[in-house]
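First comes the structure, then the notes that go with it.
The values are calculated or read from the model by the stated rules, or taken from the named source; none is laboratory data. All figures in this text were calculated on a predicted structure; none of them were measured in a lab. Cβ atoms come from the backbone with ideal geometry, glycine included; neighbour counts cover every protein chain shown.
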Amino acid sequence: MASNYTYAELLADNAWIRKSSDIFYWQCTTRTVQESKLFPVNPYIALSYYNCWYRYPELLRKIDAAMPAEEIGDRAREVSTGVNTIMLGIIQQFYLGGRQFLMDMGMINATDGIDDMKFVLDFTRRVNLGYHRQNSYILNSDDNNKGQIHPERTLQVFEADALGCKPGDKLHSAVVRFLATASQYAFLKNCECRLGINNSGPYKVGNNEMLVRDFIDLAEGDYPWLDGVTADIEYNNLTMPVIMKDTHFNIVDDWGSFEATPSYDHDNMIAVGLYTSDYLSNGYLPVHMNNASDLADYLDHSRETMATATSELWKRISGWSRDQMIDAGALVYYAVAKDLAHFAGVYEQNDWMQLEERTQRLKPIMNDEYGNHAIAELVGYISLSSQQNNPYNMNKWSDQPNDMWSAIPYSVLEGNEWTASVGPIRSGSTSLPPKTQKYTTTQGKLTQDECNAAARKFVSGPVAAGSKIYDDSWIKYNYASPEANNLYKATQENSRLLKGKGAGLSRADIDAIRIAAGEAPLGG
Amino acid sequence: MSQPKIIDDKWGKEAMMPTVEFYHSAIRRLVAEKFAASGKTWEEAVGDPSLELTRADFENIEQQLLATGYLFETSAQISFIEEPNKYKPVQGVGDSGTQGKDAQGRLIVGTGDNVFAAQDLEGTARFVGTVDVVMDMLINGVPEGTIAIIDDSGGTLTAPILEGFAGVVCMGATIRSHLGILTREYGIPCLMASELDGLVEGDRILVEYSKAAANAYAERDDAARALIVKIS
């Protein structure tokens, strides 16, 4: 019996595999080097890929049944969570990485797990399309490395409410100190990886540009190793829109990291804001944005809290066994899809914070050297046997006859030589202490069941007001309509300067509103 | 594609790295043996739990490699601490005895790529490469004027004390690594991809942090690299 694929579907999925393969190569070879003397980073990365291969099919189906992937992507654009550019851009990458390793080991064929592949590839494409809807691309790299996530109504609030600053003043100094400490803390709590940091933009603000900087999973929440040591961190996610002069962000890539020309310099920062949000928040909620002094004081307080958490967490981690370090790092990588479950109200700690037995069995070969070399061959050199193509082939970037992720053979359209699934997920385990504390949300500290119940009944103001159907293409010709005004007012609900202003505002109006409030326009 | 065979791949080739090739080919052999003995089709066999490789199988494969006397390169400190019999010890900074001198006749003990242009800095070289050293500095404070010599481009080993360094010289990675990102955020002068020769703990050094920031996309240019010279 042939597989469930139509020819057209398989063509589209193989194109998605190839696009993923090509962009992951570019990202891995130009954007980062993974190394740590504390964590065995590449061994845990390699191990995580297997957990993705074995567990994503069932868990993503569970999520999709509760809330379709594209709907989650759509809702995620209204807030900053782990459903963001970096996380969404790599779910299919890690899954395909597990497949490629297993193929190279001869443990599966390219024709195995075909129904699972079809579902996971479709799911990851839909959720990215929903999230990246504003610019109608699927990845930032399609848009010449721009992350245009937010619509006008959100950006108007960010611009209008941003608090001015200049080098040497209280707010500017506090922001610079905060960003350094938050970045440091993010790398540590995520076991050396950058998944806790995300950026979107740039967004044009007159002659200047705005970058929206997110710090995710800061407080007691899904990662059990944060319990206790981060009890004083109030907000799980923080978002800081930063408006810069004399700076062009020429790269905001598929991992949500940026480069600028000239190089990013804090001295060019002219205004900032601070918000928290999550899957239970009514959009972005301002954090201590009454005035510049109030925000500076809070940032200093937050910085001190994170610095303390960094020290305490480091002491905890430095006492871990290698097995615990491997587990924690692998779980951070594997759980890039976990916030999808939060949005859908089906999050379970054991789904996302355990490595199942089929993954655990591979630990004996995950020494430092194998981990480093296997990852280097897989995503850097593309030198594994299974990655080699016919000798006439030329890779998009390297011109070599190879591809990172193997396509699905079209033979599955006929005959019986294919298998459908890796089967149901199996029991998992972790060497880490179990989670003991509640989950930090914008609706308070909740139990797992309370989180899921709240998520299942929650609809934010902008979503209720029609954010799904009233996009900027519609707003362009209907901004005076009641529907448009309702949507903008829902987004402006917590705005310091725009509350109740509605959909008719132009950028000149934003300038005028700021001037009337005694604040300088930001367009340069 | 009814079954996998050893290197039954028209365009396949050996892996680049010996450890990867050893493991993957050993696993392929074992899978093929189990499959052949099962008498099943590949589609019947691939999801059959009774035919799956086990943790013991992977342990045996590693033992086969270790039995040849092979020792693994160490990356994380914890790996060597827990299993010193499996790993090569980490090598320190060598001393070729052939170092050049700068215009003032001072010994050049290293060069590196500057993360951002700052001011030249004189300080005391202190090697920060282990949990014990970091813990000591966390408890007792980072000595003033410390230029941390780090062989780790990550952002976690030195997380709780990074802010206390006067400068950083990192022997790993590139200016875009996590440590490069963090030192830039903190405004701590930093060289990445540093190559050291003859530098020892406690040396007074002058680091040319005033050099222009390295271009991450350019080919290596030795003349553009910042110097590390030994003062005393």
Quickly run through the stretch A:19-41 and pick out the residues that are basic (Lys, Arg) and touching a Lys or Arg at 6+ places or on another chain (Cβ under 8 Å).
A:31
Select from the stretch B:66-85 the residues that are in a helix (DSSP H, G or I) and not small (Gly, Ala, Ser) and list them in ascending order.
B:66, B:77, B:78, B:80, B:81, B:82
All but one of (1) of a type outside the set (Ser, Thr, Tyr); (2) at pLDDT 95 or above; (3) buried (at least 23 other Cβ atoms within 10 Å of the Cβ) hold for residue A:166; which doesn't?
(3)
Within the stretch A:435-445, can one find any residue that is within 24 Å of the chain's Cα centre (by Cα), free of Cβ contacts under 8 Å to residues at least 60 places away in the same chain and over 30 Å from residue B:46 (Cα atoms)?
yes
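If you take the residues of the stretch B:31-65 that are assigned to a helix (DSSP H, G or I) and among the basic types (Lys, Arg), which of them is farthest from the other protein chains (Cβ to nearest Cβ)? Even if it seems obvious, please write down each step before you answer.
From the stretch B:31-65, those assigned to a helix (DSSP H, G or I) are B:31-38, B:42-45, B:49-51, B:55-65; that's our starting set.
With among the basic types (Lys, Arg) added as a condition, the list becomes B:34, B:55.
Numbers: B:34: 10, B:55: 4 Å.
Across the stretch B:31-65, the extreme among qualifying residues is B:34.
This table checks each residue for (1) out of contact with any helix residue (DSSP H, G or I) (no Cβ under 8 Å at 6 or more places or on another chain); (2) more than 18 Å from residue A:276 (Cα to Cα).
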{"position": "A:71", "(1), (2)": "no, yes"}
{"position": "A:80", "(1), (2)": "yes, no"}
{"position": "A:99", "(1), (2)": "no, yes"}
{"position": "A:108", "(1), (2)": "no, yes"}
{"position": "A:122", "(1), (2)": "no, yes"}
{"position": "A:162", "(1), (2)": "yes, no"}
{"position": "A:165", "(1), (2)": "no, yes"}
{"position": "A:178", "(1), (2)": "no, no"}
For the stretch A:430-453, which positions are among the small types (Gly, Ala, Ser) and under 13 Å from residue A:353 (Cα atoms)?
A:431
Which of (1) in contact with a Cys (Cβ under 9 Å, 6 or more places away or on another chain); (2) away from every other protein chain (no Cβ under 14 Å); (3) in a helix (DSSP H, G or I) is the odd one out, the single condition residue B:223 does not satisfy?
(1)
Mind checking whether some residue in the stretch A:312-325 is crowded, with 19+ Cβ neighbours inside 10 Å and within 30 Å of residue B:49 (Cβ to Cβ)?
yes
Counting only residues that are closer than 30 Å to residue A:346 by Cβ and away from every other protein chain (no Cβ under 12 Å), how many does the stretch A:22-44 have?
2
So residue A:304 fits all but one of (1) of a type in the set (Asp, Glu); (2) within 14 Å of another protein chain (Cβ to nearest Cβ); (3) crowded, with 24+ Cβ neighbours inside 10 Å; what number is the exception?
(3)
For a quick check of your reading: which helices (runs of 4 or more DSSP H) sit entirely within the stretch A:337-433 and have at least 1 residues that are within 11 Å of chain B (Cβ to nearest Cβ) and free of Cβ contacts under 8 Å to residues at least 24 places away in the same chain?
A:368-375
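Test residue A:359 against the stated conditions and say whether it is crowded, with 19+ Cβ neighbours inside 10 Å and in the same structural domain as residue A:452 (by TED's automatic domain parsing).
For residue A:359, the condition - crowded, with 19+ Cβ neighbours inside 10 Å and in the same structural domain as residue A:452 (by TED's automatic domain parsing) - is not met.
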Condition check: modelled with pLDDT of 95 or more, part of a loop (DSSP other than H, G, I, E, B), buried (at least 19 other Cβ atoms within 10 Å of the Cβ) and of a type in the set (D, E, K, R). Does residue A:501 satisfy that?
yes
Hey, could you check the stretch A:192-216 for residues that are of a type in the set (D, E, K, R) and not in a strand (DSSP E or B) and say which is surrounded by the most Cβ atoms within 10 Å (Cβ to Cβ)?
A:192
